[in-house]
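To start, the structure under review is shown below, and the notes come after it.
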């Protein structure tokens with residue numbers, strides 16, 4: 001079977017628990033839903049800003065979760081494709097580097113880009 005619809009490599013696929021649908025995540029930054037015959041269902045789920053690396057269905061098949069290189073996890077409504085929640089997982093999220101000495105300006109900038117807090 002050939003799933004035609006993504007515009008770049010597919011990184012992850014999963015069957016719904018009821019076996020009726022397939023979800024895929026791609027380097028084209030989208031999540032797509034398919035029937036078991038490989039026909040797309042609806043439009044791509046759009047919102048990630050980088051490659052989608054992982055996808056899965058919830059046990060009741062009502063939600064889809066996707067993880068991306070944009071450092072977010074998104075929860076989608078499997079029927080409408082609406083994004084219900086965005087969870088950020090930046091590497092240094094919440095790390096407070098205010099007042100920390102010995103960091104170069106480049107290191108401080110890099111840590112802030114990874115989610116660190118600097119109130120200095």
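Compared with the direct C-alpha span, the chain from residue 13 to residue 95 gains 26.1 nm at full extension, assuming 0.36 nm per residue. Highest GNM mean-square fluctuation, the chain, Cα pairs closer than 10 Å: which of 100, 55, 46? Of the options given, 100 has the highest mean-square fluctuation. In terms of its alpha-carbon gyration tensor, region 1-64 comes out oblate; a/c meets the 1.5 threshold, while b/c is at least as large as a/b. Comparing mean-square fluctuations of 102, 25, 94 from a GNM of the chain with C-alpha springs under 10 Å, the top value falls on 102. Per-residue ellipticity at 222 nm from helix content only, as computed over the chain with -39500 (n - 2.57) for each DSSP H run of at least four residues, stands at -2000 deg cm²/dmol. In whole angstrom, the chain maps to an equivalent ellipsoid with semi-axes of 36, 14, 10, each derived as √(5λ) from the alpha carbon gyration tensor and ordered largest first. Computed over the chain with a Gaussian network model linking Cα atoms closer than 10 Å, the most mobile of 27, 11, 96 is 96.
A short reminder: the numbers here are calculations on the coordinates, not readings from a lab. Worth saying up front: this structure is predicted, and the values here are computed from it rather than measured.
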